[in-house]
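Only one structure is covered here, and it is reproduced in the block below.
Coordinate-derived values only; no laboratory data. In this text the structure is predicted, and so the values were computed from the model without any measurement. As a convention, Cβ positions derive from the backbone with ideal geometry for all residues, glycine included, and neighbour counts pool all protein chains shown.
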Amino acid sequence: MYIRTSREQLLSDDRSFSLRQVAQRAEIEPAYLSKIERGVFAPPSEEVIVKLAEILGEDKDVLLAMAGKLSSDLQHIIFKRPKLFAELLRQLQEVPDHAVLRVVREVKDGQW
């Protein structure tokens with residue numbers, strides 16, 4: 001549903017975002033893409049979601065999360081230290097976005 005809305009918004013300005021053309025670029029059948037867009041099928045594989053995200057200019061992690069999935073690279077990171085990341089995520093659950101962004105910036109900048 002979100003994918004359909006995103007694709008149709010792009011289609012209003014660019015005819016290359018038709019269902020058939022997007023399906024072709026994602027290397028899937030148009031009928032399959034239609035069913036994904038309508039929520040008829042369970043969410044597709046990570047590979048298909050990532051391709052669609054790239055084509056539509058969407059964030060792959062957001063699309064994966066909307067599908068109830070986590071990218072394999074994030075899974076690998078979490079699996080290396082599951083207890084630590086579980087506790088971190090639980091603690092961040094109620095923290096406002098601006099505070100989480102501050103933590104992300106500090107980690108990126110190496111300022112702890």
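A few comments on the model shown:
- Summed over the range 33-60, the residues that are loosely packed, with under 15 Cβ neighbours inside 10 Å and either among the aliphatic types (A, V, I, L, M) or touching a Ser or Thr at 6+ places or on another chain (Cβ under 7 Å) (or both) give a count of 2.
- Considering the range 62-107, the residues that are in contact with a helix residue (DSSP H, G or I) (Cβ under 7 Å, 6 or more places away or on another chain) and in a helix (DSSP H, G or I) include one that is surrounded by the most Cβ atoms within 10 Å (Cβ to Cβ), namely LEU63.
- The lone criterion from (1) loosely packed, with under 15 Cβ neighbours inside 10 Å; (2) under 30 Å from LEU89 (Cβ atoms); (3) charged (D, E, K, R) left unmet by ARG20 is number (2).
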